[in-house]
């Protein structure tokens, strides 16, 4: 008779908790291809790539590549105003360089900048919802959340869990 640990194949065992990027990454990469990951990385890290000032007024949309290539793509960016679009056009070489340094290879060779006035309105809405959500958590609740996270040394994980904790507290009040 097989032991319990021999019944489950090695492929199905995962042991400890694992990062979703590791678990899903290879599977998703096969389905979506590299383009989706480049776009996701640019969107997720836009503020780190171009700086907070530009990131607040712009939004990366997608990267277009020639067929079967993952180099020298065209990065589509939406800008909050026509004046900003012109400024971005002047800074395009700098932005392209920053994106390529981020990836470590020449992922992007050109920018296509489009005007979208909705970006400013979306930014104002997100700022107002962030502030209202923080106000709904009392000091006592905030201290309780931080107390629960004391043993976590990873600052990114701690920050993410703190946000989840606030979200849970706010939603349990309703």
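Quick notes
- The residues listed here are 112, 134; of these, the one that is at pLDDT below 85 and on the phi < 0 side of the Ramachandran plot is 134.
- Where helices (runs of 4 or more DSSP H) fall wholly inside the range 42-114, the ranges with 3 or more residues that are within 30 Å of residue 156 (Cα to Cα) are 46-50, 52-57, 92-103.
- The set of residues from the range 27-67 being modelled with pLDDT of 80 or more and on the phi > 0 side of the Ramachandran plot comprises just one member, 51.
The values are calculated or read from the model by the stated rules, or taken from the named source; none is laboratory data. Remember, predicted model here, so these are calculated numbers, not experimental data.
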